[in-house]
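Presented below is the structure to which this report refers.
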Amino acid sequence: MAENSLIDWTTHTWNPWRGCTKVAAECASCYIGRELRRYNKMENPFAGPERQKSVWNEPARWNRQAEAKGEPHKVFCLSVSDFFHDGADAWRDDAWDVIRNCPWLDWQILTKRPDLAADRFPDDWGRGWPHVWLGVTCGDPGSMWRVDELKRLKAKTKFISAEPLLQRVNFGARLRGIDWVITGGEKIGVGEGRSMDLDWVRDIDQQCQKYNV
């Protein structure tokens, strides 16, 4: 879960900490439980985050590669945790330093905790760093409040991840000011993932066209 990510909307994934806690309907069958138990031998992936030691220098290398090519790389920051989890407060400033020093990487920070973000931005955040994308998860109508919180935050690029998409979601005019929307289903294993109706995806696509997203 690092260089050359298998996630098709990014280039790399970077996980300076791992482990989370469940806070929403989208979390019920979260894939990180399986991933972290199997590959990282974590007994309880949902007991909160723990810092990783071996990944902190990876972004500098990716940044050099991107600069040499003259083409930014995308980095999904925290695929197995949440950047704004309060259990990671002790390490987040170090992560911001890495992000600040890698301007050839477009950082995709996705959170289910946008209500915690404003107090955890760096002092020089201003209206948002140009190479940082800020996104929220909303795959269920009950999570629409996250989109409202995102729209109140300062960020140069804002996105929504409707993944896993659990119901039909009508974003409507909330899409004004949103740059990007991801849709996707949930597949944990044979028979484990909750089903997604493709009409829900088509509906979001039409909404995005209407609001030029």
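Below are the figures for this structure:
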{"quantity": "Test for residue 147: is it surrounded by 17 or more Cβ atoms within 10 Å (Cβ to Cβ) and closer than 20 Å to residue 196 by Cα", "calculated": "no"}
{"quantity": "Hey, residue 135 outside any helix (DSSP H, G or I) and in contact with a helix residue (DSSP H, G or I) (Cβ under 6 Å, 6 or more places away or on another chain) or not", "calculated": "no"}
{"quantity": "Qualifying position, being buried (at least 18 other Cβ atoms within 10 Å of the Cβ) and of a type in the set (Ser, Thr, Tyr), among 161, 195", "calculated": "161"}
{"quantity": "Verdict on residue 62 being aromatic (Phe, Trp, Tyr), open to solvent by less than 10 Å² (accessible area, probe 1.4 Å), more than 19 Å from residue 146 (Cα to Cα) and at pLDDT 95 or above", "calculated": "yes"}
{"quantity": "Residue satisfying condition, being open to solvent by less than 70 Å² (accessible area, probe 1.4 Å), more than 18 Å from residue 132 (Cα to Cα), in contact (Cβ under 8 Å) with a residue 60 or more places away in the chain and not in a loop (DSSP other than H, G, I, E, B), within set 26, 35", "calculated": "26"}
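The values are calculated or read from the model by the stated rules, or taken from the named source; none is laboratory data. Predicted model only: the values in this text are computed from it and were never measured. Note that each Cβ is placed from the backbone with ideal geometry, even for glycine, and that neighbours are counted across all protein chains shown. SASA here: full protein model, heavy atoms, side chains in, ligands and nucleic acids out. Shrake-Rupley method; radii C 1.70, N 1.55, O 1.52, S 1.80 Å.
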